[in-house]
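Asker: To start, I am sharing the structure in question, which I have written as structure tokens.
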Amino acid sequence: MPVIALNFVTVIHERQMKKIAGDDKLLRQMIAAMDEGFRVLEALRYPLTPAAQASLIRKRPALMRLFMKIHHRMPISRLVDGPVGEIAALSRVFHLWKEQTRVPTPNWVDLEKRFNAKVNRS
């Protein structure tokens, strides 16, 4: 879940990592979307691995947001981007999984729409 959400925001801000780090609203939404993604997986009875990652996102969203701000300010953040086609494919599969549950995913849906708008414009 974090990989897809991280790549959504990377594409939304056109790989401008410092811009991502400064967009507190987007970082909050990204972390909320990660939690929504974990909830979908749980509803489908998939084990969360590593479980500590989901726990950190859920119990310490402010700490996670700080970590994401630091991460996006570091040059290494550019090296962990996934290819847009791969992220779009993962997103399509996750969309099918979401449809199998009744888990609300408003943050995920919004990020996905913004990601798709950027990808389709390119």
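The values are calculated or read from the model by the stated rules, or taken from the named source; none is laboratory data. In this text the structure is predicted, and so the values were computed from the model without any measurement. Positions of Cβ are generated from backbone atoms using ideal geometry, with glycine treated the same way; all protein chains shown enter the neighbour counts. When the accessible area is computed, the model is the full protein with side chains, heavy atoms only, and any ligands, DNA or RNA have been set aside. Shrake-Rupley method; radii C 1.70, N 1.55, O 1.52, S 1.80 Å.
Asker: Sum -39500 (n - 2.57) across every DSSP H segment of at least 4 residues in the chain, then divide by the residue count to get the 222 nm mean residue ellipticity, nearest 500.
Answerer: -23500 deg cm²/dmol
Asker: Just in region 50-122: which trypsin sites (Lys or Arg not before Pro) are loop by DSSP and have at most 10 other Cβ atoms within 10 Å?
Answerer: Details: sites: ARG58, LYS59, ARG65, LYS69, ARG73, ARG78, ARG92, LYS98, ARG102, LYS113, ARG114, LYS118, ARG121; in loops: ARG102.
For trypsin sites (Lys or Arg not before Pro) across region 50-122 that sit outside H, G, I, E and B with at most 10 neighbouring Cβ atoms in 10 Å, the list reads ARG102.
Asker: In vacuum, with every alpha carbon of the chain counted as one equal point scatterer, what does the Debye formula give for log10 I(q)/I(0) at q = 0.12 Å⁻¹? Two decimals, please.
Answerer: -0.41
Asker: Return the lysines within reach of LYS69: Cα separation strictly under 26 angstrom, same-chain partners fewer than 8 residues apart disregarded; answer none if there are no such residues.
Answerer: Straight-distance partners of LYS69: LYS18, LYS19, LYS25, LYS59, LYS113, LYS118.
Asker: With a probe of 1.4 Å, find how much accessible area the chain has per residue, and write the answer as a whole number in Å². Mind showing how you got there, number by number?
Answerer: On the way: 7180 Å² over 122 residues.
Heavy-atom SASA per residue in the chain reads 59 Å².
Asker: In addition: I want the local charge near ARG28. Using Cβ-Cβ distances under 14 Å, sum +1 for each Lys or Arg and -1 for each Asp or Glu among the other residues.
Answerer: 0
Asker: Hey, got a sec? Which GluC sites (Glu not before Pro) in region 1-60 land in a DSSP loop and have at most 15 other Cβ atoms within 10 Å?
Answerer: Counting only loop positions with at most 15 other Cβ atoms within 10 Å, the GluC sites (Glu not before Pro) in region 1-60 are GLU14.
Asker: 7 Å from Cα along Cα→Cβ at both LYS18 and ALA62: what's the point-to-point distance in nm?
Answerer: 2.7 nm
Asker: From the residues THR105, PRO61, PHE115, which one has its Cα farthest along the dipole of the chain in the positive direction, the dipole being from +1 and -1 charges on Cβ of Lys/Arg and Asp/Glu about the Cα centre?
Answerer: Toward the positive end, the furthest listed residue is PRO61.
Asker: Quick one: with all protein chains in place, what share of the accessible area of region 11-104 is carbon or sulfur, to the nearest percent (1.4 Å probe)?
Answerer: That fraction is 59 percent.
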